[in-house]
Amino acid sequence: MSLNRRTVLVRLSLATLLGGALLVPPAHTQVPARAAWLDPYREAATRLIHASTTNDFAWRRLAEVTDTYGHRLSASENLNRAIAWAVETMKSDGLENVRTEPVMVARWVRGRESAEIIDPPRHALTILGLGGSVGTPPDGIEAEVVVVSSFEDLRARVADVKGRIVLFNAPFTTYGDTVTYRTSGARAASQLGAVAALIRGVGPTGLRTPHTGSLQYGQGVAPIPAASVAAEDADRIARLRARGMPVRVRLTMDARSEADVESANVVGEVRGRERPQEVVLLGGHLDSWDVGTGASDDAVGCIVTWEAARLMMRLGLRPRRTVRIVLWTNEENGLRGATAYAAKHAAHAADHVFALESDSGVFEPASLGFSGSAAARTLVRDIGSLLAPISLAEIVGGGGGADIGPIAQAGNVPMMAYLGNSARYFAIHHTPADTVERIAPEEVSKAAAAIAVMAYVVAEMPERLPR
Ligand SMILES: [Zn+2]
């Protein structure tokens, strides 16, 4: 996901929304020149924006799904129930061709887990095992800790690593740069003979918050247990070691992987009135990590894309092409939903005219990222001008998403991402703090409005968006 976000001032207050007043155009947004070809769509765009931003329906639905089903790890009963709920609720919304597309997914179970400094004075560490990690023996693994700040640092300390627990204490810069320690730290440490790995939480320093997420051991590497540790605990261990003091830690994890089980993508449509075989694909992933309630990652992405379709139906706006919502399964620890969709729809990949994913939260200031040809970008930039009332007129780079990637690659499909503010997103990413309270109703409404307008115009314009 793109981490370079433009700062856009937004004047979208809750009072404005609840009062139902017209939105005031912000003063600091660059609006492209008025494009005449958009004139047939202006009224629809105004209606979609008004319908979305004058109520908090989408936020309440987000609260409902996260309150009722909680976190939704792949293969969990919570996710199964959320999938069933989504199918029934899409049907009651009046969406068409509502169905599940089944796929087998991995089942990883966290179990009980703890870590503590044994010496010097006993001190419980705040940890979260990494997804896919193996467990420890029942009594845990106890060893001295080696602190490294990077993979280069690890290689320089090769003589110190064997039989030890390696703590990767790399400060968070960007997600893209820092997540490599979470995905590959255990593998690198294992290759040098370490018995376990601890990873400083991949996110800005929070309130002693560890961040879970998946790891990859790689072929031929002995899997060792790995956990994320809160930044404050990582810093404490690093300071003790910097003073020359040995630090012994015991790590205990029951984590295990079990046999694959069936899950499903949830699909619902607004069927196109003239070219139903051409598809504008929208979605977020319904699965989450097993901490918090996965509100920002990524229940909100499901809700805002689904809401875009619901608003079209409610306002009687049936576009020329089909708008298809997919609530993806297994984004977090396998991407099986995305790969299964691409395989199932391979013969129709080129019928996808546009694909949008919302998986970066909806925190303000947000933006729309686009990846596609110059010809498509020109048209999308014009469509963006319709979003001036909600401060999203400017289209930035960085379209795409993990779930839409495989089908978009197969069909050379232009891609868009709804990009929430990354600092706010990554502060709670994969943590117990990812709950609905962090998200404001107007942020949800605005995202739904933007996605609805963009999807509607792309689905309605006479010629398909060029590839
Ligand atoms: Zn996500």
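The values are calculated or read from the model by the stated rules, or taken from the named source; none is laboratory data. From a predicted model like this one, the values you see are computed outputs, not experimental measurements. Please note: Cβ atoms are built from the backbone with ideal geometry, for glycine as well, and neighbour counts cover all protein chains shown.
Looking at A350 and the list (1) away from the ligand (no atom under 14 Å from the Cβ); (2) surrounded by 21 or more Cβ atoms within 10 Å (Cβ to Cβ), which single condition is not satisfied?
(2)
Where the second residue is more than 15 Å from the ligand (Cβ to nearest atom) and assigned to a strand (DSSP E or B) and the first is more than 23 Å from A447 (Cβ to Cβ) and lies in the range 273-293, which pairs have Cβ atoms under 6 Å and are six or more apart or on separate chains?
Going by the 6 Å Cβ cut-off, the qualifying pairs are R275/R321; P276/T322; E278/R321; E278/V353.
For the list (1) farther than 30 Å from P223 by Cβ; (2) within 16 Å of the ligand (Cβ to nearest atom); (3) of a type in the set (S, T, N, Q); (4) not in a helix (DSSP H, G or I), I need the number of the one condition that T305 fails.
(4)
Of the conditions (1) within 27 Å of D254 (Cα to Cα); (2) surrounded by 15 or more Cβ atoms within 10 Å (Cβ to Cβ); (3) of a type outside the set (S, T, Y), R112 satisfies every one except a single condition; which number is it?
Unmet condition: (2).
Out of all the residues in the range 204-243, which are touching a residue at least 60 places away in the same chain (Cβ under 8 Å) and on the phi > 0 side of the Ramachandran plot?
Within the range 204-243, R208, G213 meet the criteria.
Give me the residue from the range 264-289 that is out of contact with any His (no Cβ under 6 Å at 6 or more places or on another chain) and not in a strand (DSSP E or B) and, out of that set, farthest from M461 (Cα to Cα). Before you say what the answer is, go through the steps one by one.
Going residue by residue through the range 264-289, those that are out of contact with any His (no Cβ under 6 Å at 6 or more places or on another chain) are 264-278, 280, 282-287.
Now drop any that are not not in a strand (DSSP E or B), which leaves 271-274, 286-287.
Details: R271: 15, G272: 12, R273: 12, E274: 11, L286: 30, D287: 33 Å.
In this case the residue turns out to be D287.
Yes or no: D235 among the acidic types (D, E) and within 16 Å of the ligand (Cβ to nearest atom)? Even if it seems obvious, please write down each step before you answer.
Details: among the acidic types (D, E): yes; within 16 Å of the ligand (Cβ to nearest atom): no.
Considered against the rule, which asks whether it is among the acidic types (D, E) and within 16 Å of the ligand (Cβ to nearest atom), D235 comes out as no.
Go through the range 323-340 and give me each residue that's surrounded by 24 or more Cβ atoms within 10 Å (Cβ to Cβ) and either farther than 30 Å from R81 by Cβ or more than 16 Å from the ligand (Cβ to nearest atom) (or both).
Within the range 323-340, V323, R324, I325 meet the criteria.
For the range 356-370, enumerate the residues that are charged (D, E, K, R) and within 12 Å of the ligand (Cβ to nearest atom). So that I can check it myself, show each step before the final result.
Quick first cut of the range 356-370, residues charged (D, E, K, R) only: 357, 359, 364.
Listed by number, the residues that qualify are E357, D359.
Looking at A410, is it within 19 Å of the chain's Cα centre (by Cα) and over 30 Å from G316 (Cβ atoms)?
Values: within 19 Å of the chain's Cα centre (by Cα): no; over 30 Å from G316 (Cβ atoms): yes.
Considered against the rule, which asks whether it is within 19 Å of the chain's Cα centre (by Cα) and over 30 Å from G316 (Cβ atoms), A410 comes out as no.
Does L282 satisfy being over 30 Å from P171 (Cα atoms), within 16 Å of the ligand (Cβ to nearest atom) and modelled with pLDDT of 95 or more?
Details: over 30 Å from P171 (Cα atoms): yes; within 16 Å of the ligand (Cβ to nearest atom): yes; modelled with pLDDT of 95 or more: yes.
For L282, the condition - over 30 Å from P171 (Cα atoms), within 16 Å of the ligand (Cβ to nearest atom) and modelled with pLDDT of 95 or more - is met.
Go over the candidates A410, A417, A393, A402 one by one and state the one that is in a helix (DSSP H, G or I) and either among the small types (G, A, S) or away from the ligand (no atom under 16 Å from the Cβ) (or both). Working first, answer last.
Values: A417 fails: in a helix (DSSP H, G or I); A393 fails: in a helix (DSSP H, G or I); A402 fails: in a helix (DSSP H, G or I).
Exactly one residue qualifies, and that residue is A410.
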